[in-house]
């Protein structure tokens with residue numbers, strides 16, 4: 001049974017693989033699960049048909065037979081729990097790995113998204129420039145301990161796992177910001193994730209959607 | 001084996017049960033699992049001994065024999081996965097319920113915390129008042145679809161679950177803000193959660209810590 005994802009027909013990230021279907025594509029590639037994609041315009045995302053699947057009008061959704069899921073974290077965890085290769089078998093290591101998935105999404109990502117949201121919604125406001133250092137300090141207060149914990153390990157807790165997949169996905173949002181420059185081990189960690197063949201396949205798949213939209 | 005939580009010795013929420021140990025206490029009470037609590041001062045949270053357990057210097061941590069976890073979402077999910085009563089048995093319903101845990105923490109909570117952070121860190125800034133409506137609109141853009149999806153159901157997806165526990169925990173942060181006033185079904189949902197005996201026991205336990213700190 002091939003699961004069906006929804007993704008942006010025209011991703012606002014200009015093909016950089018920052019939309020939330022990216023982690024799901026990557027997870028499916030890591031476990032070797034073929035999938036189909038249904039592309040949605042922004043207008044279609046706000047129509048009742050999609051809102052019945054995703055009440056917040058976002059992508060991705062994940063359909064696998066009768067199962068319908070949303071929230072990329074939950075979808076990645078579901079894929080990891082129902083396939084081999086993205087979660088350790090030992091129950092304690094598995095619980096810790098799931099802990100790092102939550103850390104990526106609930107501790108590391110919020111200040112990163114907050115800075116992005118300010119860049120989108122408050123760029124024209126008189127306070128935008130003055131708030132910049134504050135938003136960056138909030139991100140750094142999370143990156144510094146993450147960098148310290150990772151140290152010189154390749155991955156967060158043993159072999160590559162769904163936790164690394166999610167953490168790298170979150171840290172990639174900082175690409176071009178310079179905020180990883182002070183943390184060479186985190187920059188190398190992101191590069192290690194991006195070098196994985198499964199990441200490459202997922203990236204190319206979403207990039208092909210971007211190119212097709214450009215040409216249309 | 002009684003798990004051991006860490007919690008604030010002096011919670012900054014003045015006993016309102018908004019610190020992140022609350023959802024873990026509530027989950028343990030729902031499943032009838034006795035637990036111990038180790039209280040930490042703010043200074044102790046930043047010491048190497050605690051940072052070895054929780055790299056971001058936060059509470060709660062959860063120790064259960066050799067297993068050490070952090071991230072309240074992951075701890076609640078672990079409790080739900082290792083005890084009866086907080087997750088449905090059917091695999092699809094279980095995956096959907098886990099999806100709502102992520103929705104609570106990754107879709108609903110971020111704009112709520114963003115507004116709180118502004119209240120703490122930017123109250124003295126010249127732009128603080130002007131940004132208020134923007135921060136509230138971001139929260140409303142999440143509350144409106146959540147309210148629509150809940151409709152007149154008691155809980156998000158079938159019987160009470162870890163998803164409701166987490167969503168009510170997140171929505172409680174809006175207490176006193178007036179932001180739930182436009183969504184009577186969400187206000188009633190929060191009240192239903194707070195009326196549960198397990199919630200009450202968890203609330204009293206953290207409130208006792210607050211009262212003891214006041215008297216000390």
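Every number here is computed from the coordinates shown, using simple stated rules; none is lab data. None of the values given here were measured: they were computed from a predicted structure. Neighbour counts are summed over all protein chains in view; Cβ atoms, including those assigned to glycine, are modelled from backbone coordinates with ideal geometry.
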For a distance above 13 Å, tell me the whole-number percent of Cα pairs in the stretch B:129-177 that qualify. 67
Rounded to 0.05, the calculated FRET efficiency for the beta carbons of residue B:42 and residue B:90 at R₀ = 51 Å is 0.70
Ranking of A:13, A:21 by count of other Cβ atoms within 10 Å, fewest first: A:13, A:21
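Taking 0.36 nm per residue of sequence separation and subtracting the Cα-Cα distance, how much length would be gained by fully extending the chain between residue A:204 and residue A:83, in nm to one decimal? Walk me through the intermediate numbers first.
Values: separation 121, 0.36 × 121 = 43.56 nm, distance 2.26 nm.
Difference between extended and current length: 41.3 nm.
With the contact rule set at Cα under 8 Å and sequence spacing of 6 or more, what percent relative contact order holds for the stretch B:63-213? Mind dumping the intermediate values first?
Working: 101 pairs, mean separation 39.9, N = 151.
Worked out over the stretch B:63-213, it gives 26 percent.
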DSSP-defined beta bridges in chain A - what % are antiparallel, rounded to 5: 55
Over all Cα pairs of the protein assembly as shown, the Kirkwood radius sets Rh, and Rg/Rh then becomes 0.94
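For a Förster distance of 35 Å, can you work out the FRET efficiency between the beta-carbons of residue B:157 and residue B:113, rounded to the nearest 0.05?
Numbers: r = 24 Å, r/R0 = 0.69.
Efficiency for this residue pair is about 0.90.
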Scattering profile of the stretch B:91-196 at q = 0.12, 0.13, 0.19 Å⁻¹ [log10 I(q)/I(0), Debye over alpha-carbon scatterers]: -0.42, -0.48, -0.93
Distances from residue A:33 to the same position in the other copies: list them in nm, one decimal, shortest first, using label points 7 Å from Cα along Cα→Cβ. 2.6
The stretch A:171-196 and the stretch B:31-70: distance between their alpha carbon centers, rounded to Å: 29
How are the alpha carbon pair distances in the stretch A:1-93 distributed across 10 Å bins from zero to the largest one, expressed in percent? 16, 49, 27, 7, 1
At 222 nm, what helix-only mean residue ellipticity would chain A give, in deg cm²/dmol to the nearest 500, using -39500 (n - 2.57) for each DSSP H run of four or more? -17500 deg cm²/dmol
Taking the axis of the rotation relating chain A to chain B, the A residue whose Cβ comes closest, together with that distance in whole Å, is A:127, 2
Rounded to whole Å, give me the distance from the Cα center of the stretch B:99-170 to that of the stretch A:77-123. 19
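Report the convex hull volume per residue for the stretch A:97-143, counting only C-alpha atoms, in Å³. Write out the running numbers ahead of the final one.
On the way: hull volume 2.5 nm³, N = 47.
Spread over its residues, the Cα hull of the stretch A:97-143 gives 53 Å³ apiece.
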State the antiparallel share, in %, of DSSP beta bridges confined to the protein assembly as shown, rounding to the nearest 5. 55
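Label the stretch A:151-216 by shape, choosing from rounded, prolate and oblate, from the square roots a ≥ b ≥ c of the eigenvalues of the Cα gyration tensor; if a/c is under 1.5 it is rounded, and otherwise prolate applies when a/b is larger than b/c, oblate when it is not. Let's see the in-between values first.
Numbers: a/c = 3.12, a/b = 1.64, b/c = 1.90.
Oblate is the answer for the stretch A:151-216, as a/c is 1.5 or above yet b/c matches or exceeds a/b.
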Take the Cα atoms of the stretch A:55-117, find their three principal axes, and give me the spread along each one in whole Å, biggest first. 38, 30, 15
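Any chance you could list the semi-axes, whole Å, largest first, of the equivalent ellipsoid that the Cα gyration tensor gives for chain B, using √(5λ)?
Values: eigenvalues 137, 120, 49 Å².
Square roots of five times the eigenvalues give 26, 24, 16 Å.
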Taking B:140, A:29 and counting other beta carbon atoms within 10 angstrom, the fewest-first order is B:140, A:29
